[in-house]
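The values are calculated or read from the model by the stated rules, or taken from the named source; none is laboratory data. Treat the numbers as computed from the prediction; the structure is a model and nothing was measured. When we count neighbours, we look across all protein chains shown, and the Cβ atoms used for this are built from the backbone with ideal geometry, even at glycine.
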Amino acid sequence: MATQRVLVVGGGLAGLAASMRLAELGIDVDLMSLTPVKRSHSVCAQGGINSVNDQTRQLGDSEYLHFDDTVYGGDFLQHQPPVKEMADWGPKIIDLMDRLGVPFNRTGEGFRDQRRFGGTLFKRTAFAGATTGQQLLYALDEQVRRWEAEGKVTKYEFWDFLGPVLDDNGTCRGAVAQDLVSMEIRTFPADAVVVASGGCGLIYGRSTMSMVCTGSAASRCFQAGAKYGNGEFIQVHPTAIPGADKLRLMSESARGEGGRVWVPRKPQDARPARQISEDERYYFLEERYPTYGNLVPRDIATREIFNVCVYEGLSVDADRQCVYLDLTHIGRDELNRKLGGILSIYEKFQGVDPREVPMKIFPAVHYSMGGLWADYERTEAGGLRIGSPRNQQTNIPGLYAIGECDYQYHGGNRLGANSLLSCIFSGLMVAPGLESALKANKTAVADMPPSLFDQARQQHEERHRKLLKRSDGGENPYLIHQELGKTMTAAATVVRHNKDLEAALGTVADLQQRAQRCSLSDTGNWTNQNVVFTKALLDMFPLAKTILKGALQRDECRGAHFKPDFAIGGIEADNPADQRREAEAWCDRFEAKNQKWLKSTVASLDSDGEPQLAYEEVDTSLIPPRPRLYGLVGAEMIEEVWRERSVKKAADGNGAAAKQAVASHG
């Protein structure tokens, strides 16, 4: 049999981790990236990477508690075995990256320094200043470059993935891609394709994501028949730097190191921040969530900032919505040592020193919890069966998804600093499964007829030629994209209403029709970014519709998906007996909600290219779902009632759930 090859699409943390591990297993890799791999979006991750560590263990922490925080923070919408395995592997991954040369910050005693991120009470987050993603990426790239020198990895930078190549049996046999310099279109035969292309933030126009995060690679797989999971779950980061061109992240590490979020208690108080006394400041996160303070999970912090600005009218600027993120009480030397990278970004784009003046921030689209549907195989003990060909495989045989473009690890809301862990973990885990799949594969791609690849290439060449002929008479694709971004941001971010989602679906359908008739200002055959962007724009619409339709149909509040019309409020009664009755009723509603909606949304496209939704039961056999009660009025009584109910049905309920989970994913 000819030498087997795997094509990895995406040069961020997930793609590099997969490429490194595949090469270690003796498998040849073609690594494709839109940009030089060192410019991949992973380089923008600032705050850190989570895992249990020796310091937190002394305080009672464990891998199980990290697992519990992750599924609790994600509102129990994750299949639990992959998440459990990720938490178990966290310390090993940190140790691996340490040995590969990542310059993690150290304490005076030489231990890795740790900071606390949102949704946990432990300092689990290891960090390298405020450039953790960059340092992790560079360390993995050094390893990939070593394998590149030995001939096991071939890099294709500045190549755009146009879609998978499927044989008559629906098995992925490679991909079609385009050189962004010469505009050549060619095929990449492969025995498996691993998509690690990141998120889809550009669907929302301005976001914290890089300008290459269009979601086009995932969408092209979606249009080829891959399923898409939980598309409606989009994370809006609570702290971003407002900007006219794009929104820039202000990392959660700023709050992890002691940053405080506040607004003046007096609406539209125009005084400079330093002239407003402590008793005139409203530290609303600390007052409303005393246990977690400024480090509540991101979906909750985002909604609170949104409510304070939009509904309570307490924005610190009269002409735009924003709140203060204050670091001025922390010493300059400590800020420079731990947060210098992100503070320089604020200083560069806002023109003021955040060490001296509180920063002005507001939420922005940041991450997609949803992504390509991916499978897994669990063990009897509830972990992943390492080496299973099913791990990370989409419903298309031979096509795999890892990193932010898969849906498995974060459920309804991602905890800060879990993204880097999930990217590296899924990249490392996909490799042994691929090795098993390739060993069992009786038909190598080298045995496929050349006509399979010629036909795929010709189809994309024809589409490219047709686009280049659109030189006049149509609209500007960049203006259509601006309208798409405004529509999506208004309808499907922090707060969602069905009437707005229905209207947005109609608007997006109209924009899609207009985009199909748009004109290109550049029809050249060399480095034509206009045609590349137009292709990406056209591929945004299937995902945009999936996000909107999933949000419209999901009539509940879960994680980042918040519909006020379906929220379950807190307890209003003062009398203990009445409080008890309200808590019982609250738990009844919560159970009814979970019965209907504790399911993953799984979308597929019909013959007309329209998303059709189905729902998949979630494996919650390891940690039974419980109410997410951050700051809710009457939380203690609700928790007491829920605990009593859980004890009564634990024996039968957990056993049945475990058996069902093993049957479906065992």
Within the group Ala446, Ala381, which residue is at pLDDT below 95 and either charged (D, E, K, R) or not in a loop (DSSP other than H, G, I, E, B) (or both)?
Ala446
From the residues in the stretch 237-285 that are among the hydroxyl-bearing types (Ser, Thr, Tyr) and closer than 27 Å to Phe127 by Cβ, which one is surrounded by the most Cβ atoms within 10 Å (Cβ to Cβ)?
Ser251
Report the residue count in the stretch 585-614 for those that are in contact (Cβ under 8 Å) with a residue 24 or more places away in the chain and surrounded by 16 or more Cβ atoms within 10 Å (Cβ to Cβ).
15
In the stretch 560-605, the residues that are among the small types (Gly, Ala, Ser), under 30 Å from Asp375 (Cα atoms) and in a loop (DSSP other than H, G, I, E, B):
Ala560
If I filter the stretch 412-443 down to residues being modelled with pLDDT under 95 and of a type in the set (S, T, N, Q), which single residue comes out as nearest to Gly229 (Cα to Cα)?
Asn441
So Gln529 passes all but one of these: (1) surrounded by fewer than 19 Cβ atoms within 10 Å (Cβ to Cβ); (2) farther than 25 Å from Glu591 by Cα; (3) under 22 Å from the mean Cα position of the chain (by Cα). Which condition number does it fail?
(3)
Enumeration of residues in the stretch 87-111 that are more than 29 Å from Leu622 (Cβ to Cβ) and basic (Lys, Arg)
Arg99, Arg106
Tally the residues that are among the β-branched types (Val, Ile, Thr) and over 22 Å from the mean Cα position of the chain (by Cα), restricting the search to the stretch 114-154.
3
Go through the stretch 580-619 residue by residue and tally those that are more than 23 Å from His561 (Cα to Cα) and in contact with an Asp or Glu (Cβ under 9 Å, 6 or more places away or on another chain).
3
Would it be correct to say that Phe104 is aromatic (Phe, Trp, Tyr), surrounded by 19 or more Cβ atoms within 10 Å (Cβ to Cβ) and assigned to a helix (DSSP H, G or I)?
no
Let me confirm something: among Gly351, Gly416, Gly371, which residue is without any contact (Cβ under 8 Å) to a residue 12 or more places away in the chain and of a type outside the set (S, T, N, Q)?
Gly351
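Say we look at the stretch 36-85 and pick out the residues that are of a type in the set (Asp, Glu) and more than 21 Å from the chain's Cα centre (by Cα); which of these is nearest to Lys155 (Cα to Cα)?
In this case the residue turns out to be Glu63.
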Candidates Tyr292, Tyr311, Tyr367 - the one that is farther than 20 Å from Thr208 by Cα and surrounded by 20 or more Cβ atoms within 10 Å (Cβ to Cβ):
Tyr292
Only one of Val261, Val193 that is in contact with a Phe, Trp or Tyr (Cβ under 8 Å, 6 or more places away or on another chain), of a type outside the set (Asp, Glu) and not assigned by TED's automatic domain parsing to the domain that holds Pro449
Val261
Across the stretch 281-303, the tally of residues that are outside any helix (DSSP H, G or I) and among the charged types (D, E, K, R) stands at 1
Wholly within the stretch 174-280, strands (runs of 3 or more DSSP E) carrying at least 1 residues that are closer than 24 Å to Ala504 by Cβ, touching a residue at least 40 places away in the same chain (Cβ under 8 Å) and touching a His at 6+ places or on another chain (Cβ under 6 Å)
234-241
